[in-house]
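Q: Got a structure for you, questions after.
The values are calculated or read from the model by the stated rules, or taken from the named source; none is laboratory data. Since the structure is predicted, the reported quantities are computational estimates derived from the model, not experimental observations. For neighbour counting, all protein chains shown are included, and Cβ atoms are generated from backbone atoms with ideal geometry for every residue, glycine included.
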Ligand code: MIC
Ligand code: SF4
């Protein structure tokens, strides 16, 4: 029986377990990446492990999220990360060099290798045939130290692409179509593997748009084969030597098949407030818009920017619209400057931002109140833009650019004929903003620069015998990490200060949560399905840990968040009978007796609602390793106990 590409790469990296779907496997990690919003914590954790030099083939620390320096905090963190990188064998991509996923694809990604990153959009690397997975900072720290990374052996979905996109229909529309069909939960426990004739019509940046936004499906990752198109891309980056052809076997067996005829796709948008709320432009109609933002790790490649510049050239942005553009990397921005496209954007009235995440994570460019903003990004969760009642629509760069000119949502196909946009034969390669680590013999002399913003992370205790705790919060379905631990310009600088950042925990849902949880001392959170979707930020587990949350009971969890809860020593459990969710209210007192014994028994966990006087059951599906971590009170305690 033939193998899928996913199975080939995973089995070549398998160090623990067997390739049995649904069971836990341990894989060797070749490369890691961090960004600055999760990186400070990840490197504090790495330091705590006491490993002098990273043991990966390549580890890179990027500065791209917290680049708005409205106070000392962010730059302090950047300097801390830069110094840790230099000392411990990590490449450091300086602020201004670009968004981690874009730069990693350009300069470091290698087909067939494994990559984990402390950012949920790490699967961008799947665009060149990597198994690239988003993870919590602690998992990345462990991988940097040479430790194994654990995932549930995924199912593999074949996404068979046929046909060819019509002019002005974009790669973004392909992933929006997948999201429309499968929803934000549709990819949980799965890898989306793209194949078929249609794959050959897509360039690497287009493939990367699709694998990037596969994160919104909740998928473990997404992957494209590594083929001639990959080789051309790597060659143009001056890295042809890392190319290897990779594809699934002809007779590979997949768990599911999704068929998409590219020729039938039309321009679409994900409407507020979820990436799977997808409609065609016709269905939405010519809606008046206030803002357009082009960029983010999903759509900020040179090719995207060249299309945008072509559309804007010689025109002026509509007077009622604010247009901002953030090219994804220094390479992209420099090439736009050299070939004149940047001038076309500026002349049209675009507000060109530095190469960073920027508005995507609420670092500026928040829309006006009640404003309608078209963005080429990947997430439109409520409040994420920084404007609580902002309406964010996720669209392709083509659609964004033409709409910026007309002031209404506009079908880019009205632009008529489309010129051939081709990747350059040679990208501008200048890695001067990537600082290599100090040679091993000099590492001892590198001083770690630790600013006052950096506070130690919260300690967790070993699992108590019983958990007696009140429900501090009850929330509904699809709660995102942006609800649990919001980002934005005000809060992001607190990423290395858990006590401070905890004040904003769940503030989007209930501003009184912080005080109530602290007052309760210990508590339990009740959630609906797909709890914790979105970001990899472990702060969404560390802040609840600091506030005394002992367990989270939901209808279902998103993958990375569940791993982060276990790493933090908070017990994630799911209702055996979903109807029990309705019976529990905030402030109810819950009692879980002999929790460790119950977990060890492998049976359902019995939880008593003391307030309402009934008992319900929860399922847990922990590997032995996860059980041990929970007993110890999290990954750090577990690692200490075992070293
Ligand atoms: C995001 O897009 O939500 C982020 C900000 O990149 C996060 C990481 C973080 O919260 O620092 C992610 O996607 O993992
Ligand atoms: Fe940055 Fe946005 Fe990409 Fe997250 S989704 S890495 S915030 S550009």
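Q: Given the structure, is residue 42 part of a helix (DSSP H, G or I) and within 19 Å of the chain's Cα centre (by Cα)?
A: Taking the combined requirement at face value, the residue satisfies it.
Q: Just one of (1) touching a helix residue (DSSP H, G or I) at 6+ places or on another chain (Cβ under 6 Å); (2) within 16 Å of ligand 2 (Cβ to nearest atom) trips up residue 480, so point out which.
A: Looking at each condition in turn, residue 480 falls short on (1).
Q: Run residue 524 past the list (1) closer than 24 Å to residue 496 by Cα; (2) in contact with a strand residue (DSSP E or B) (Cβ under 9 Å, 6 or more places away or on another chain); (3) buried (at least 24 other Cβ atoms within 10 Å of the Cβ) and report the number of the one that doesn't hold.
A: Residue 524 satisfies every listed condition except (1).
Q: Select from the stretch 457-486 the residues that are within 16 Å of ligand 1 (Cβ to nearest atom) and outside any strand (DSSP E or B) and list them in ascending order.
A: 457, 478, 479, 481, 482, 483, 484, 485, 486 - these are the residues of the stretch 457-486 that are within 16 Å of ligand 1 (Cβ to nearest atom) and outside any strand (DSSP E or B).
Q: Let me ask something else. If a residue has to be within 18 Å of residue 185 (Cα to Cα) and assigned to a strand (DSSP E or B) to count, how many in the stretch 559-578 make the cut?
A: Residues in the stretch 559-578 being within 18 Å of residue 185 (Cα to Cα) and assigned to a strand (DSSP E or B): 4 in total.
Q: Here is a check on your reading of the model: is residue 366 within 16 Å of ligand 1 (Cβ to nearest atom), closer than 22 Å to residue 431 by Cα and either out of contact with any helix residue (DSSP H, G or I) (no Cβ under 7 Å at 6 or more places or on another chain) or in a loop (DSSP other than H, G, I, E, B) (or both)?
A: Here the answer is no, as residue 366 does not meet what is asked.
Q: Output the number of residues of the stretch 313-334 satisfying the condition of being more than 26 Å from residue 107 (Cα to Cα) and under 30 Å from the mean Cα position of the chain (by Cα).
A: Of the stretch 313-334, the ones more than 26 Å from residue 107 (Cα to Cα) are 313-323.
Checking which are under 30 Å from the mean Cα position of the chain (by Cα) leaves us with 321-323.
Residues in the stretch 313-334 being more than 26 Å from residue 107 (Cα to Cα) and under 30 Å from the mean Cα position of the chain (by Cα): 3 in total.
Q: Can residue 225 be described as within 16 Å of ligand 2 (Cβ to nearest atom) and within 27 Å of residue 98 (Cβ to Cβ)?
A: In short, no.
Q: Further question on the same structure: Among the numbered conditions (1) away from ligand 2 (no atom under 16 Å from the Cβ); (2) assigned to a loop (DSSP other than H, G, I, E, B), tell me where residue 184 comes up short.
A: (1)
Q: Does residue 400 count as more than 16 Å from ligand 1 (Cβ to nearest atom), modelled with pLDDT under 95 and under 23 Å from residue 320 (Cβ atoms)?
A: No.
Q: So residue 259 passes all but one of these: (1) surrounded by 23 or more Cβ atoms within 10 Å (Cβ to Cβ); (2) in a strand (DSSP E or B). Which condition number does it fail?
A: That leaves (1) as the condition not met.
Q: Could you list, in sequence order, all residues of the stretch 204-246 that are within 24 Å of residue 278 (Cα to Cα), away from ligand 1 (no atom under 16 Å from the Cβ) and in a loop (DSSP other than H, G, I, E, B)?
A: 224
Q: So, residue 346, is that one under 30 Å from residue 74 (Cα atoms) and without any contact (Cβ under 8 Å) to a residue 12 or more places away in the chain or not?
A: yes
Q: Can you pull out every residue in the stretch 40-55 that is surrounded by fewer than 24 Cβ atoms within 10 Å (Cβ to Cβ) and more than 16 Å from ligand 1 (Cβ to nearest atom)? Let's see the steps before the verdict.
A: Taking the stretch 40-55 and keeping what is surrounded by fewer than 24 Cβ atoms within 10 Å (Cβ to Cβ), we get 44, 47-55.
Matches in the stretch 40-55: 47, 48, 49, 50, 51, 52, 53, 54, 55.
Q: Here's a follow-up. Given the conditions (1) more than 15 Å from ligand 1 (Cβ to nearest atom); (2) in contact with a helix residue (DSSP H, G or I) (Cβ under 8 Å, 6 or more places away or on another chain), report the number of the one that residue 76 does not fulfil.
A: Evaluating residue 76 over (1) more than 15 Å from ligand 1 (Cβ to nearest atom); (2) in contact with a helix residue (DSSP H, G or I) (Cβ under 8 Å, 6 or more places away or on another chain) leaves (2) as the failure.
Q: On to the next question. Could you please find all residues in the stretch 81-95 being buried (at least 23 other Cβ atoms within 10 Å of the Cβ) and more than 18 Å from residue 145 (Cβ to Cβ)?
A: Passing the criteria: only 93.
Q: Can you tell me which residue in the stretch 140-173 is farthest from residue 90 (Cα to Cα), limited to those that are touching a strand residue (DSSP E or B) at 6+ places or on another chain (Cβ under 6 Å) and outside any strand (DSSP E or B)?
A: The qualifying residue farthest from residue 90 (Cα to Cα) is 163.
Conditions (1) modelled with pLDDT of 95 or more; (2) within 26 Å of residue 164 (Cβ to Cβ); (3) surrounded by 20 or more Cβ atoms within 10 Å (Cβ to Cβ), marked per residue:
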position: 184; (1), (2), (3): yes, no, yes
position: 209; (1), (2), (3): yes, yes, yes
position: 223; (1), (2), (3): yes, yes, yes
position: 241; (1), (2), (3): yes, no, no
position: 272; (1), (2), (3): yes, no, no
position: 278; (1), (2), (3): yes, yes, yes
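Q: Continuing with the same structure: Look at residue 275 and say whether it is within 16 Å of ligand 1 (Cβ to nearest atom), under 19 Å from the mean Cα position of the chain (by Cα) and in a helix (DSSP H, G or I).
A: In short, no.
Q: Select from the stretch 533-558 the residues that are away from ligand 2 (no atom under 16 Å from the Cβ) and in a loop (DSSP other than H, G, I, E, B) and list them in ascending order. Reasoning before the result, please.
A: Our first condition is that a residue be away from ligand 2 (no atom under 16 Å from the Cβ); within the stretch 533-558, this holds for 541-557.
Within the stretch 533-558, 547, 548, 555, 556 qualify.
Q: Restricting the stretch 373-432 to residues that are in a helix (DSSP H, G or I) and within 16 Å of ligand 2 (Cβ to nearest atom), which is farthest from residue 94 (Cα to Cα)?
A: Filtering the stretch 373-432 down to residues in a helix (DSSP H, G or I) leaves 397-406, 412-415.
Subsequent filtering for residues that are within 16 Å of ligand 2 (Cβ to nearest atom) retains 397, 400.
Working: 397: 26, 400: 29 Å.
The selected residue is 400.
Q: Within the stretch 299-307, is even one residue within 16 Å of ligand 1 (Cβ to nearest atom), crowded, with 24+ Cβ neighbours inside 10 Å and on the phi < 0 side of the Ramachandran plot?
A: So in the stretch 299-307, the residues within 16 Å of ligand 1 (Cβ to nearest atom) come out as 299-300.
Applying the additional criterion that residues be crowded, with 24+ Cβ neighbours inside 10 Å yields 299-300.
Narrowing the set further to residues that are on the phi < 0 side of the Ramachandran plot leaves 299-300.
The answer is yes; a qualifying residue exists.
Q: Pick from the stretch 162-177 the residues that are surrounded by fewer than 24 Cβ atoms within 10 Å (Cβ to Cβ) and in contact with a helix residue (DSSP H, G or I) (Cβ under 6 Å, 6 or more places away or on another chain): which of them is nearest to residue 18 (Cα to Cα)?
A: For the stretch 162-177, the residue satisfying everything is 162.
Q: Still on this model: Of all residues in the stretch 521-532, how many are away from ligand 1 (no atom under 15 Å from the Cβ) and assigned to a loop (DSSP other than H, G, I, E, B)?
A: Number of matching residues: 6.
Q: Would you check which residues across the stretch 293-330 are within 16 Å of ligand 2 (Cβ to nearest atom), out of contact with any strand residue (DSSP E or B) (no Cβ under 7 Å at 6 or more places or on another chain) and assigned to a helix (DSSP H, G or I) and list them?
A: Passing the criteria: 304, 305.
Residues checked against (1) crowded, with 24+ Cβ neighbours inside 10 Å; (2) more than 16 Å from ligand 2 (Cβ to nearest atom); (3) within 30 Å of residue 399 (Cβ to Cβ); (4) touching a residue at least 40 places away in the same chain (Cβ under 8 Å):
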{"position": "116", "(1), (2), (3), (4)": "yes, no, no, yes"}
{"position": "123", "(1), (2), (3), (4)": "yes, no, yes, yes"}
{"position": "128", "(1), (2), (3), (4)": "yes, yes, yes, yes"}
{"position": "140", "(1), (2), (3), (4)": "yes, no, no, yes"}
{"position": "143", "(1), (2), (3), (4)": "yes, yes, no, yes"}
{"position": "149", "(1), (2), (3), (4)": "no, yes, no, yes"}
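Q: To continue, here is another question. Restricting attention to the stretch 88-114, which residues are more than 16 Å from ligand 2 (Cβ to nearest atom) and over 27 Å from residue 51 (Cβ atoms)?
A: Correct list: 111 only.
Q: So residue 599 clears everything in (1) modelled with pLDDT of 95 or more; (2) in contact with a helix residue (DSSP H, G or I) (Cβ under 9 Å, 6 or more places away or on another chain); (3) closer than 27 Å to residue 535 by Cα; (4) surrounded by fewer than 21 Cβ atoms within 10 Å (Cβ to Cβ) except one condition, right? Which one?
A: Of (1) modelled with pLDDT of 95 or more; (2) in contact with a helix residue (DSSP H, G or I) (Cβ under 9 Å, 6 or more places away or on another chain); (3) closer than 27 Å to residue 535 by Cα; (4) surrounded by fewer than 21 Cβ atoms within 10 Å (Cβ to Cβ), only one is false for residue 599: (3).
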